[in-house]
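The values are calculated or read from the model by the stated rules, or taken from the named source; none is laboratory data. Worth saying up front: this structure is predicted, and the values here are computed from it rather than measured. Heads up, the Cβs are rebuilt from the backbone with ideal geometry, glycines too, and the neighbour counts pull from every protein chain shown.
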Amino acid sequence: MNKKLSSGAGSAGVGRRLFLKSAAIGGAAAAGGLAAPAIAQGAKRKVIFVAHEDIPFFSPVRAGFKEFGKLRNWDTQFLARGTPANVAATVRLQVDALNSRPDAVGFTRINETAFDENIMRAKDAGIPIVLYNVASDGYEKLEVPFVGQDFIPAGRVNGLQAAMYAHQLTGKTEGTILIDNPSPGVSALEERATGTEQGIDEYNGKNGTNYKYETFTTANSQTEALSRIDAKMRATPDVVGFASTVSGNWFAAIWAEDNGMTGKFANGGFDLIPGVLEAIAAETSHWAVGQNPYAQGWVTSSLLDMQLEAGYQPFDYDTGAEVVDKSNVEAVTKREARFG
């Protein structure tokens with residue numbers, strides 16, 4: 001088992017990995033034939049990151065990677081294609097990356113099996129590899145390290161926040177907290193939902209409340225998500241909270257404003273994208289749990305560099321569960337603004 005290192009203050013200890021329960025991509029990863037590239041003295045290292053989706057979330061990841069690479073005079077390449085995530089397309093990007101004979105790679109692993117051939121191909125060729133952001137269940141058997149959030153503990157943080165704000169805002173000791181999951185079967189979100197339930201149970205046990213919870217399916221697109229949120233909220237008259245496993249609290253904030261429900265239920269979730277931070281600043285959402293995507297770029301790079309240059313094996317690194325609320329949202333918004 002790889003050693004795990006906490007990212008420090010604000011980390012609640014945070015969860016395992018996102019996978020898509022889609023069909024395995026048979027034969028999509030090209031067979032071996034790689035050899036680790038020979039590096040001449042003083043030659044520029046080529047390091048490639050491949051992500052499963054090209055979305056704003058990855059801007060801080062890309063920045064951490066590029067900024068570390070600049071310090072080490074690397075040739076850095078960050079490959080991602082489109083949205084939503086496409087397993088087969090990501091496998092092909094990984095193949096392209098490996099065929100270009102890099103010195104090291106960082107991969108996301110959003111499926112339990114589809115990426116394993118490429119991962120083992122890199123290992124067999126002696127190319128250092130670190131998984132980042134998403135590793136999926138069973139990554140440990142591949143003996144590769146992971147830099148990212150520990151999802152069940154992060155979910156517990158989310159659940160504790162949901163129950164606390166439900167208590168404070170409504171004054172009620174009973175009611176339903178809705179848990180939003182737009183992608184059932186994705187292990188990261190399933191684990192966040194499980195952790196959220198645990199956090200609510202923990203709050204109930206310590207504070208004499210009796211909040212129930214129910215997970216329901218929303219969507220990643222705003223229009224469809226708002227429609228599903230509207231239907232569920234109207235069907236749940238005792239709702240006291242909305243706890244997203246992603247950034248659905250942004251959509252819930254819009255729904256609350258449109259329906260005169262702002263401040264009448266707890267509303268929060270994950271990730272520090274602009275819409276979420278704006279909602280927290282406006283107090284239409286009450287918290288968000290961050291996962292330090294900048295570290296997922298920077299720390300992944302530093303671990304690869306440590307192996308390349310010093311021969312030390314990399315290890316798991318938990319990027320934490322930072323809670324952002326009205327007390328710190330201004331400072332966090334300023335911090336995140338440079339990523340666009």
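Note on segment 211-255: residues that are among the aliphatic types (A, V, I, L, M), in a loop (DSSP other than H, G, I, E, B) and surrounded by fewer than 18 Cβ atoms within 10 Å (Cβ to Cβ) amount to 2.
Checking the structure you have, find out if any residue of segment 308-324 is part of a helix (DSSP H, G or I) and hydrophobic (A, V, I, L, M, F, W, C). Yes, there is a match, as at least one residue in segment 308-324 is part of a helix (DSSP H, G or I) and hydrophobic (A, V, I, L, M, F, W, C). Pairing each residue of segment 43-56 that is surrounded by fewer than 24 Cβ atoms within 10 Å (Cβ to Cβ) with any residue that is among the β-branched types (Val, Ile, Thr) and assigned to a loop (DSSP other than H, G, I, E, B), provided the two are 6+ apart or on different chains, yields C-beta distances under 8 Å for Arg45/Ile39; Glu53/Thr83; Asp54/Thr83; Ile55/Thr83; Pro56/Ile273. Could you tell me how many of the residues in segment 117-153 are under 25 Å from Arg192 (Cβ atoms) and of a type outside the set (Ser, Thr, Tyr)? Looking only at that region, the number is 21.
Among all residues of segment 50-63, there is none that is hydrophobic (A, V, I, L, M, F, W, C) and over 17 Å from the mean Cα position of the chain (by Cα). Only one residue in Val144, Val130 is assigned to a loop (DSSP other than H, G, I, E, B) and either touching a helix residue (DSSP H, G or I) at 6+ places or on another chain (Cβ under 9 Å) or assigned by TED's automatic domain parsing to the domain that holds Ser285 (or both). Which one? Just one listed residue meets the conditions, Val144. Would you confirm, using the coordinates I've provided, whether Ile152 is among the aliphatic types (A, V, I, L, M), touching a residue at least 60 places away in the same chain (Cβ under 8 Å), within 30 Å of Asp305 (Cα to Cα) and surrounded by 17 or more Cβ atoms within 10 Å (Cβ to Cβ)? When the stated conditions are applied, Ile152 passes them. In the set (1) of a type in the set (Val, Ile, Thr); (2) outside any helix (DSSP H, G or I); (3) surrounded by 18 or more Cβ atoms within 10 Å (Cβ to Cβ), Ile200 fails one condition alone, (2).
Checking each residue in segment 287-334 for being more than 27 Å from Thr196 (Cα to Cα) and not assigned by TED's automatic domain parsing to the domain that holds Ala104 picks out only Lys334. Evaluating Lys172 against the criteria (1) under 28 Å from Ser327 (Cα atoms); (2) not aromatic (Phe, Trp, Tyr); (3) not in a loop (DSSP other than H, G, I, E, B) leaves one unmet condition, (3).
For segment 261-273, the set of residues classified as without any contact (Cβ under 8 Å) to a residue 60 or more places away in the chain and either farther than 16 Å from Asp238 by Cα or aliphatic (A, V, I, L, M) (or both) consists of Met261 only. Restricted to segment 268-303, and to residues there that are of a type in the set (A, V, I, L, M, F, W, C), in contact with a helix residue (DSSP H, G or I) (Cβ under 6 Å, 6 or more places away or on another chain) and in a helix (DSSP H, G or I), the residue that is surrounded by the fewest Cβ atoms within 10 Å (Cβ to Cβ) is Ala281.
Thr262 meets the conditions (1) over 21 Å from Lys326 (Cα atoms); (2) polar (S, T, N, Q); (3) part of a loop (DSSP other than H, G, I, E, B) in every case but one. The failed one is (1).
Each row is one residue, and each column tells you yes or no for (1) of a type outside the set (A, V, I, L, M); (2) modelled with pLDDT of 95 or more.
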| residue | (1), (2) |
| --- | --- |
| Asp137 | yes, no |
| Arg156 | yes, yes |
| Thr170 | yes, yes |
| Ile177 | no, yes |
| Asp180 | yes, yes |
| Pro184 | yes, no |
| Leu189 | no, no |
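Across segment 175-197, the number of residues qualifying as outside any helix (DSSP H, G or I) and within 15 Å of Phe242 (Cα to Cα) comes to 8. Scanning segment 245-295 for residues that are polar (S, T, N, Q) and under 15 Å from the mean Cα position of the chain (by Cα) yields a count of 4. Only residues that are closer than 18 Å to Gly275 by Cβ and of a type in the set (Ser, Thr, Tyr) were counted across segment 191-227, and they come to 4.
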